[in-house]
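Accompanying notes for the structure given below.
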């Protein structure tokens, strides 16, 4: 009888240990390389929903915002408390007008496909860069892109000049650092789950510039959860 | 009767039962499969190539049906008839080790089936490539004038260039109906695969290589384009909708695209079958 | 306590960790903490690779693999270690007893099979909904890669490792394998590799799936190196395992055991081993080149720098196609070996069965480009590879014929091993016929890279190999352990698994034909029902394996009912020995006089003397 009790205890201990290990594994995987969802505050103008997105793109995200990858390039969004957070999954209302302001603090790396240098999917297929309305930029000036392929939205963000003064080191960057300001407007449609990504090969050190942060949600990729 | 046979066979003639049942089942099932099941096997009739594939699938399904019937009849019969009776001692069955007629029949029949399918598939393939990518020098080329459309795959979107319209590049694939199309599929970075499902076209997009596939469109329709080769994070989201439209609609669409393209045309590299774009940003 | 101080798994782990740091330090000395041309990344690629290699070397030293070579260098005479005659410590160290290695393999592969299965369950949780992301999209790709890679790497040795190692010496009348230390090495390499593969989650995972296609491979995070090292270790393990089997079967057969008296299982192992020895080195070389591309900035596979992704694809599939026959052939071997026992008839068409096995082995070298039909290979090649792939179904059909005719007019007993073998026919028929569709180029245009091909290989590999793996377990575990497995629970496990397996994978043929590509984290909304059905069936299938583990624990740990020496009344020689088989197998080397299929013929033993007097009975 004693042997049997020991066996029973042993089995239960082993099963519990396995359960704990599997639990750790699954919880690590659900958080690994992801992003919490940021719900964008909605205004109503003339009965239609309108949202404002204020975004920063930075050359190195820094140890506070990313202890694991301080040197990754990243997008940041300004939340309702005015803090810059590294959250790239955004909850947006359906059939809304979205006004986007992006402050780009990173230098240019150039587009792989020059075709993407023309803004598409925005109101009038144009955008404003530092106040000037443009319908194309030189592909070599592109630093990042904000693109939602399902909407046909592609916006190339021109970069900070290489010799600009007071360039930003680690994020979050302040307005006194050298930056470009890009503004455009697009519209969401029906409810759905749409990915957004950058198209500029800006992940220095990975083959074709598309590894690392370019393939990690929470940095250069995210979702628009439209509902 | 049984005294004259070398191996006395008490009981029913199992072989005859199985063969008769098999023939009856096959004669019933094969036409049913060929008429009702086969034509409903995807990808359907969205293009000449898709129809070819559906015919091919139908022929294969019809040829395979008797094989399935044989195994079905055999196992249902054998597993019931030859089970060890419940209770009683464990005795052995007859020591049958071989019968060359059975071996010969099986090998011949399976060889014929296999060679027929290979031959029929080759015939379908050599007509026009059956919608698959044939590499830079295709051998199965349909005759006639072809509209060239380049499919550029990149991480993680397909774009399309039309060399006969000034190399205009677009984000959506729109092609005219009743037209022979020559796709040139290439990639700018990783390996992707251009899969136009309803049109029955699939061609891998390789960096630095040109992959040619032929398509003959039928009537106007929409079709989905998916990436069919794992290419990184957004492989699962690398899909879009394409359209087959009438020739006049296509003409007006492409004019509109050319106007939009005009602003970026000066920055574009000239149309080529492959591109080695800058920047490359290698890991060293 | 004294045991703990010797060379065993514990010292292996300790020295493995030491080796890890040594490797990391060496890499840092070569290239510094961050290389200029790596730009701003956080990891030094070379350090990850050298750290793992150092870890593996340390692990092997800690287990004691260098002890004998050093002893010989110092002039000690050649010898085998004293086989400890008992104690469970043997199972956690370098043991040269082939039976211990067989059981180590069974448990080790079983554990990694369950880990791969957990990853599969996580994949199916993600695919329950096309819009809800349970796992971030990049992590999902790592899960897909982990599941596929773990299964392919581990299950290649699923039959040869446990059953080959345990049974081959006994079946040929020998006391050991030709190279006992290499035998142990193959096992521990596999275990080290499995752990390394799972640690990829700490390095960002890998985005390529189990095929590791370039150039996405070079673009991956450092977790990609875990995949490359794992598969290279698997390749080395497979090469040595195959080599050992061939050497043993060719040179150590007992007197009287001519080639025509050899059990068909041994023939199957032999044909698989030839494939392993020839194909695995191609994999090792390919992965080595990929590692060089990632660490030493070579460009074998980078087109923009002069390389070619086609080179990778072709090299990989030259290994990859024989690899899937490495997975399938042992299944054929087990089915043909077990059917005579449970139908009480000799194996029908012995020579035809052998030509089927060897024919599949030979033809498997000539078909690999069917994985590349639409990838842009030269169009001339496609009809040839379509023909060769279709032709390979002819020798495969021989196995079916021999099995079916063995059942013909037999006296079939529906024991648990027999049920799994019969299910093989059903599953492999579906798998094989779907392979006919895939081998036809026009049809392949739609089904390549879709869930149809996924369903095909799950039917052939899981429906073929894994079902026969369980058949082997239920059949031989009483011989290996001396204890019975509960028959009723076995039957429940079988039906549970068989029904859930078909419910899971049959709809995937439809999903593929309806346009769902492989390895995707989302799918068109109209395929939601199929995916949900498949996911729920997959959870039920996973639960079946947990039930099996419960049976194992219940029967082998708690109930422990002793098994008879020959519960299946088989004429094969391993069943004429006591259960479990004594340490030296035979007290006197037997002399063989026939094959083990003499059912219905005048009774005569397979070999004389046929049993060892020592051990339990």
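The values are calculated or read from the model by the stated rules, or taken from the named source; none is laboratory data. Since we're looking at a predicted model, the values are computed, not measured. Cβ atoms come from the backbone with ideal geometry, glycine included; neighbour counts cover every protein chain shown.
One line per residue, one yes/no per condition, for (1) outside the structural domain of residue A:186 (by TED's automatic domain parsing); (2) surrounded by 21 or more Cβ atoms within 10 Å (Cβ to Cβ); (3) modelled with pLDDT of 95 or more; (4) under 23 Å from residue A:174 (Cα atoms):
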| site | (1), (2), (3), (4) |
| --- | --- |
| A:28 | yes, no, no, no |
| A:42 | no, no, no, no |
| A:45 | no, no, no, no |
| A:49 | no, no, no, no |
| A:57 | no, yes, no, yes |
| A:67 | no, no, no, yes |
| A:79 | no, no, no, yes |
| A:85 | no, no, no, yes |
| A:107 | no, no, no, yes |
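Scan region C:392-401 and give yes if some residue there is surrounded by fewer than 20 Cβ atoms within 10 Å (Cβ to Cβ) and either in contact with a strand residue (DSSP E or B) (Cβ under 7 Å, 6 or more places away or on another chain) or in the same structural domain as residue C:600 (by TED's automatic domain parsing) (or both), otherwise no.
Applying the first criterion (surrounded by fewer than 20 Cβ atoms within 10 Å (Cβ to Cβ)) to region C:392-401 yields C:394.
So of that shortlist, the ones also either in contact with a strand residue (DSSP E or B) (Cβ under 7 Å, 6 or more places away or on another chain) or in the same structural domain as residue C:600 (by TED's automatic domain parsing) (or both) come out as C:394.
For region C:392-401, residues surrounded by fewer than 20 Cβ atoms within 10 Å (Cβ to Cβ) and either in contact with a strand residue (DSSP E or B) (Cβ under 7 Å, 6 or more places away or on another chain) or in the same structural domain as residue C:600 (by TED's automatic domain parsing) (or both): present.
How many residues are more than 7 Å from every other protein chain (Cβ to nearest Cβ) and either over 13 Å from residue B:246 (Cα atoms) or surrounded by 23 or more Cβ atoms within 10 Å (Cβ to Cβ) (or both) if we restrict to region B:176-194? Explain how you work it out, then say what you get.
Of all residues in region B:176-194, those more than 7 Å from every other protein chain (Cβ to nearest Cβ) come to B:176-187, B:192, B:194.
Checking the rest, the ones that are also either over 13 Å from residue B:246 (Cα atoms) or surrounded by 23 or more Cβ atoms within 10 Å (Cβ to Cβ) (or both) come to B:180-187, B:192, B:194.
Going through region B:176-194 one residue at a time, the tally reaches 10.
Limited to region A:192-222, what total is found for residues that are part of a loop (DSSP other than H, G, I, E, B) and over 18 Å from residue A:121 (Cα atoms)? Talk me through it step by step, then tell me what you get.
Of all residues in region A:192-222, those part of a loop (DSSP other than H, G, I, E, B) come to A:198-206, A:210-211, A:216, A:218-220.
Pick out the ones that are also over 18 Å from residue A:121 (Cα atoms) and you get A:201-206, A:210-211, A:216, A:218-220.
Qualifying residue count for the region: 12.
Within region B:132-154, which residues are surrounded by fewer than 18 Cβ atoms within 10 Å (Cβ to Cβ), free of Cβ contacts under 8 Å to residues at least 40 places away in the same chain and more than 10 Å from chain C (Cβ to nearest Cβ)?
Residues satisfying the conditions are B:143, B:144, B:145, B:148.
Looking only at residues that are over 22 Å from residue B:155 (Cβ atoms) and in a loop (DSSP other than H, G, I, E, B) in region B:237-270, which one is modelled with the highest pLDDT?
B:246
So residue C:357 fits all but one of (1) more than 10 Å from chain B (Cβ to nearest Cβ); (2) surrounded by fewer than 24 Cβ atoms within 10 Å (Cβ to Cβ); what number is the exception?
(2)
If you take the residues in region B:1-57 that are touching a strand residue (DSSP E or B) at 6+ places or on another chain (Cβ under 7 Å) and either modelled with pLDDT of 95 or more or part of a helix (DSSP H, G or I) (or both), which one is nearest to the other protein chains (Cβ to nearest Cβ)?
If we filter region B:1-57 for residues that are touching a strand residue (DSSP E or B) at 6+ places or on another chain (Cβ under 7 Å), which is where we start, we get B:46-49.
Filter again for either modelled with pLDDT of 95 or more or part of a helix (DSSP H, G or I) (or both), leaving B:48-49.
Values: B:48: 12, B:49: 8 Å.
Ranking the candidates gives B:49 first.
Quick one: count up the residues across region C:580-608 that are in contact with a strand residue (DSSP E or B) (Cβ under 8 Å, 6 or more places away or on another chain) and assigned to a loop (DSSP other than H, G, I, E, B). Break it down stepwise before answering.
Start the filter on region C:580-608 by keeping residues that are in contact with a strand residue (DSSP E or B) (Cβ under 8 Å, 6 or more places away or on another chain), which leaves C:590-593, C:606-608.
Subset that is assigned to a loop (DSSP other than H, G, I, E, B): C:590, C:593, C:606.
Residues that pass the stated criteria total 3.
Kindly indicate which of C:505, C:529, C:509 is assigned to a helix (DSSP H, G or I) and over 21 Å from residue B:198 (Cα atoms). If you could, list the steps in order and put the result at the bottom.
Details: C:529 fails: over 21 Å from residue B:198 (Cα atoms); C:509 fails: over 21 Å from residue B:198 (Cα atoms).
Of C:505, C:529, C:509, the one residue that is assigned to a helix (DSSP H, G or I) and over 21 Å from residue B:198 (Cα atoms) is C:505.
Search region C:258-268 for residues being surrounded by 15 or more Cβ atoms within 10 Å (Cβ to Cβ) and in contact with a helix residue (DSSP H, G or I) (Cβ under 9 Å, 6 or more places away or on another chain), and hand back the single one that is nearest to residue C:596 (Cα to Cα).
In the first step, residues of region C:258-268 are kept if they are surrounded by 15 or more Cβ atoms within 10 Å (Cβ to Cβ); the result is C:261-268.
Restricting the remaining residues to those that are in contact with a helix residue (DSSP H, G or I) (Cβ under 9 Å, 6 or more places away or on another chain) gives C:262-268.
On the way: C:262: 8, C:263: 7, C:264: 9, C:265: 11, C:266: 12, C:267: 13, C:268: 15 Å.
The residue in question is C:263.
Quick grid of which residues meet (1) at the interface with chain C (Cβ under 10 Å from one of its Cβ atoms); (2) surrounded by fewer than 18 Cβ atoms within 10 Å (Cβ to Cβ); (3) within 26 Å of the chain's Cα centre (by Cα):
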{"position": "B:94", "(1), (2), (3)": "yes, yes, no"}
{"position": "B:98", "(1), (2), (3)": "yes, yes, no"}
{"position": "B:101", "(1), (2), (3)": "no, yes, no"}
{"position": "B:109", "(1), (2), (3)": "yes, yes, yes"}
{"position": "B:116", "(1), (2), (3)": "yes, yes, yes"}
{"position": "B:130", "(1), (2), (3)": "yes, no, yes"}
{"position": "B:156", "(1), (2), (3)": "no, no, yes"}
{"position": "B:168", "(1), (2), (3)": "no, no, no"}
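I need the full set of residues from region C:572-593 which are in contact with a helix residue (DSSP H, G or I) (Cβ under 9 Å, 6 or more places away or on another chain) and surrounded by fewer than 16 Cβ atoms within 10 Å (Cβ to Cβ), in order please.
The answer is C:593, and nothing else.
One residue is enough: does region C:557-567 have a residue meeting the conditions within 14 Å of chain B (Cβ to nearest Cβ), buried (at least 16 other Cβ atoms within 10 Å of the Cβ) and at pLDDT below 95? Let's see the steps before the verdict.
If we filter region C:557-567 for residues that are within 14 Å of chain B (Cβ to nearest Cβ), which is where we start, we get C:564, C:566-567.
Checking which are buried (at least 16 other Cβ atoms within 10 Å of the Cβ) leaves us with C:566.
Remaining after also requiring at pLDDT below 95: C:566.
So far as region C:557-567 goes, yes, one or more of its residues are within 14 Å of chain B (Cβ to nearest Cβ), buried (at least 16 other Cβ atoms within 10 Å of the Cβ) and at pLDDT below 95.
Within region C:425-443, how many residues are surrounded by 24 or more Cβ atoms within 10 Å (Cβ to Cβ), within 7 Å of chain B (Cβ to nearest Cβ) and more than 14 Å from residue B:61 (Cβ to Cβ)?
Summing the residues that are surrounded by 24 or more Cβ atoms within 10 Å (Cβ to Cβ), within 7 Å of chain B (Cβ to nearest Cβ) and more than 14 Å from residue B:61 (Cβ to Cβ) in region C:425-443 gives 1.
State which residue is surrounded by the fewest Cβ atoms within 10 Å (Cβ to Cβ) when the search covers only region A:130-161 and only residues that are away from chain B (no Cβ under 14 Å) and touching a strand residue (DSSP E or B) at 6+ places or on another chain (Cβ under 6 Å).
The initial filter retains those residues of region A:130-161 that are away from chain B (no Cβ under 14 Å), namely A:130-132, A:157, A:160-161.
Retained after the next criterion (residues that are touching a strand residue (DSSP E or B) at 6+ places or on another chain (Cβ under 6 Å)): A:130, A:157, A:160.
Details: A:130: 11, A:157: 26, A:160: 20.
Among those residues, the one meeting the criterion is A:130.
Working carefully through the options C:313, C:337, C:323, find the one that is in contact with a helix residue (DSSP H, G or I) (Cβ under 8 Å, 6 or more places away or on another chain), more than 14 Å from chain B (Cβ to nearest Cβ) and over 30 Å from residue C:590 (Cα atoms).
Values: C:313 fails: more than 14 Å from chain B (Cβ to nearest Cβ); C:337 fails: over 30 Å from residue C:590 (Cα atoms).
When all the criteria are applied, what remains is C:323.
State whether the residues of region B:77-90 include one that is within 28 Å of residue C:514 (Cα to Cα), within 7 Å of chain C (Cβ to nearest Cβ) and surrounded by 17 or more Cβ atoms within 10 Å (Cβ to Cβ).
Looking for residues that are within 28 Å of residue C:514 (Cα to Cα), within 7 Å of chain C (Cβ to nearest Cβ) and surrounded by 17 or more Cβ atoms within 10 Å (Cβ to Cβ), one finds none in region B:77-90, hence no.
Of all residues in region C:335-374, how many are closer than 30 Å to residue B:206 by Cβ and either part of a helix (DSSP H, G or I) or within 28 Å of the chain's Cα centre (by Cα) (or both)? Quick ask: steps written out before the conclusion?
Keep residues of region C:335-374 that are closer than 30 Å to residue B:206 by Cβ, which gives C:363-374.
Narrowing further to those that are either part of a helix (DSSP H, G or I) or within 28 Å of the chain's Cα centre (by Cα) (or both): C:363-373.
Of the residues in that region, 11 qualify.
Looking at (1) under 19 Å from the mean Cα position of the chain (by Cα); (2) surrounded by 20 or more Cβ atoms within 10 Å (Cβ to Cβ), which is the only condition residue A:207 fails?
Condition not satisfied by residue A:207: (1).
Just checking, how many residues over region B:195-231 are surrounded by fewer than 24 Cβ atoms within 10 Å (Cβ to Cβ) and part of a loop (DSSP other than H, G, I, E, B)?
The qualifying residues number 6.
All but one of (1) surrounded by fewer than 24 Cβ atoms within 10 Å (Cβ to Cβ); (2) touching a residue at least 40 places away in the same chain (Cβ under 8 Å); (3) more than 17 Å from residue B:148 (Cβ to Cβ) hold for residue B:261; which doesn't?
(3)
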